[in-house]
Structures are given as C-alpha cells and as structure tokens.
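Step one of this worksheet: look at the structure below.
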Amino acid sequence: MKMIYQTLIAIMLTSFLSGCVNYSRDSGVENLWRQPQTFTNGTTTSQQVLTALGPPSQVLSIGKKTIYYYLKEQVTREGLILLIYNETTEVSVFDRAMFIFDQQGVLVDFSYSKLAAKTE
Amino acid sequence: MLKRLILLQVISFICLLMLTSCSVIKRQYGHVETVPAFSPKDYHQVLTKMGAPDSIAVLNDAFIFAYHSVAIDEPQFGLAIPSFDIFKFTLGSATAVHHYHFYAFSLQGNVINLQTNHWQSALGDSSSIGLIFVVEETVDLASFEVRRAANLWGERLLFDTNLIEFSFEEIILAKRLDLIGQDY
C-alpha cells in the first residue's frame with residue numbers, strides 16, 4: 001500500500017516538472033524613427049533623414065521619386081515546457097519606415113509601419 | 001484485494017495519460033493593420049491608413065505596395081514509449097493564416113487597383129522523435145526563417161559587378177522588376 005502511495009506522489013510530482021524558454025534577436029537598422037523626430041513633408045530633405053536615421057536598408061526609385069526604406073526585424077520567442085503540455089510562441093515584428101523624396105530630394109511623404117497593439 | 005486491484009487500475013490509467021503529451025507552437029510573422037474597408041485615391045491615403053508597406057514592387061508604369069502577415073499554428077501530439085519514456089514520438093501539422101493587402105498605383109501615385117485577401121493554407125504534417133523535455137518542430141518552416149532581403153540588400157550591392165548576374169543599378173533605377181521589403 002505504501003508503495004502505491006509513493007508511486008502516486010512520484011507521478012504527481014513529475015507532472016509538475018516544468019521549464020520555460022525565452023529568447024529574442026534583432027536584425028536590420030536601428031529603429032530611430034520611433035524616437036521623437038521632426039520630419040515635415042515639403043521641407044525635410046533626404047540629407048536630414050540620412051542624418052537622423054542613418055543609411056537606409058534599401059533605396060528604390062519610382063519614376064522621378066526616390067524611396068528610402070528602413071527595416072528592423074525583432075524576433076521574440078517564449079515557451080512553457082511541461083511534461084504533458086508545451087507551448088511556444090514566436091513573434092516576428094518587422095518595424096519599417098518609408099520616406100519618399102522628389103527629384104530635388106525634398107520629402108513628399110513618409111510613413112512608419114503600424115505595430116500590433118501588444119508590441120506598441 | 002479488490003481495492004488494491006482498483007487502485008492499480010487507477011494508477012495504470014494515470015500512467016497511460018502521462019505517456020501522452022501535446023505541444024502547441026505558434027508563430028506570427030508581421031502584422032497587417034485591421035482597418036475598415038476604404039477606397040483610397042492615391043498612395044498618400046494608403047500610407048496614412050496602413051503605414052509603411054511590407055514590400056514595394058516597381059513596374060514600368062506602376063508601383064505596388066503589399067502588406068502581408070502570416071500566423072502559423074502547429075499543434076502536436078506526442079506519445080512516449082513505456083519503460084523508455086525519455087524519448088517521445090511526435091505527430092504534428094501546421095496551418096498558416098495569411099492576411100494580404102495589395103495596392104497598385106500609377107507612377108503619378110493614383111490607385112489603379114487594390115485587393116485584400118485572407119486565406120488559410122496547410123503547411124504540411126510530419127513526425128519526429130525527440131527528448132520528452134524538448135519541443136520539436138515537425139514541419140519545415142525554414143523559408144520563414146531566412147534573413148530578410150531588405151537586410152541583405154546593402155551587402156549585395158558590394159558584390160563585384162564582374163561576377164554577379166546583373167547589376168543592382170538596374171533595380172535601383174527601376175529598369176528591372178524586383179520586390180523590395182519582406183519576401184515571405
């Protein structure tokens with residue numbers, strides 16, 4: 001009888017064994033556009049954007065316009081590891097900023113990616 | 001004696017339950033803002049509502065903004081071998097839910113075409129054998145884990161122009177169709 005109880009207790013204790021994992025990594029440029037910046041359509045120049053944010057991840061021309069595209073990738077993973085149930089969640093956030101300039105290098109429009117409510 | 005037998009049966013049942021386990025692996029790539037349906041006239045309105053796009057493509061007389069997010073759920077069911085339960089056999093399958101917004105503009109910036117779509121696709125199923133304390137991935141999702149093209153773009157510009165297939169100047173000057181931004 002004692003052995004049965006011991007077995008039962010051992011099983012219950014084992015079922016409570018748990019662990020957790022957590023990691024994150026970033027790649028791409030620093031998302032300085034999330035800091036207070038004063039970019040204004042029609043007056044800010046491409047040089048001012050470069051000074052404020054550094055070199056863009058990509059450059060593209062559309063007709064006579066030029067696009068500076070900035071990207072920062074943030075990956076976080078969290079996990080709960082139990083004996084009978086495990087769950088891991090990995091979220092990749094692509095934080096982006098895009099600036100469109102005219103032929104004279106003056107800002108026509110700019111935009112930042114919308115972040116999910118949880119990551120804002 | 002009967003009591004003992006019942007107890008043994010209960011313990012055996014609990015042990016059987018313990019031999020099985022399940023895991024849920026969730027992944028989220030990107031985020032597409034949920035907005036009520038709207039009819040933009042130009043790219044300025046799209047940028048205001050949707051933010052910076054995931055990808056931009058340039059054609060001869062048009063350009064495209066694409067917004068794309070993928071949510072992957074991979075539930076798994078594991079079985080352990082009695083008396084050898086340090087190893088676990090796992091069956092898993094993955095399903096992806098996509099949200100995609102597509103906006104095409106003329107070079108003047110006016111909307112030519114737009115389309116939004118949401119769909120679900122099966123990414124496959126598989127099995128694995130692993131340690132019971134480890135959550136193994138049973139579906140190959142390597143294509144989602146490669147470095148983003150945007151983060152490789154600068155490096156590729158440094159390639160020797162005599163060795164590469166085409167010059168990147170053609171892409172920068174929109175002489176050749178290419179997609180910038182995310183590539184999943």
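Remark: the range B:54-71, residue by residue, has Karplus-estimated 3J(HN,Hα) of 5, 9, 10, 10, 10, 10, 4, 10, 7, 9, 10, 10, 10, 10, 8, 10, 10, 10 Hz, where x stands for each Gly or Pro and the curve is 6.51 cos²θ - 1.76 cosθ + 1.60 at θ = phi - 60°.
With 22 Å as the limit, the listed pairs A:Lys114/B:Lys41; A:Lys64/A:Lys114; A:Lys65/B:Lys41 have A:Lys64/A:Lys114 beyond it between alpha carbons.
The fraction of all Cα pairs in the range A:18-112 landing in successive 10 Å bins from 0 to the largest distance is 15, 36, 20, 14, 10, 4, 0, given as whole percents. Take each residue in B:65-75, count the other chain C-beta atoms within 10 Å of its C-beta, and the mean is 1. Mean per-residue shielding of peptide A:56-69 is 6, counting Cβ atoms of other chains within 10 Å of each Cβ.
When peptides B:67-77, B:38-48, A:30-40 are sorted by average Cβ neighbour count within 10 Å, with the highest value leading, the order is B:67-77, B:38-48, A:30-40. Look at the stretch B:30-36: the mean tally of other chain Cβ atoms within 10 Å of its residues' Cβ atoms is 4. Computed from the Cβ-Cβ distance with R0 of 30 Å, the FRET efficiency linking B:His44 to A:Glu30 stands at 0.65. Extension gain for A:Leu50-A:Ala116 works out to 21.1 nm (0.36 nm per residue, less the C-alpha to C-alpha distance). Can you tell me the FRET efficiency between B:Cys22 and A:Thr76 if r is taken as the Cβ-Cβ distance and R0 is 30 Å, rounded to the nearest 0.05? With R0 = 30 Å, the Cβ-Cβ based efficiency is 0.85.
Rounded, prolate or oblate: pick one for the range A:44-87, where a ≥ b ≥ c are the square roots of the eigenvalues of its C-alpha gyration tensor, a/c under 1.5 means rounded, and failing that, prolate if a/b is larger than b/c, else oblate. Prolate.
Where a number appears in this text, it was derived from the coordinates with a stated rule and is not lab data. All values derive from a computational prediction rather than experimental measurement. In this analysis, Cβ positions are derived from the backbone assuming ideal geometry, glycine residues included, and neighbour counts consider all displayed protein chains.
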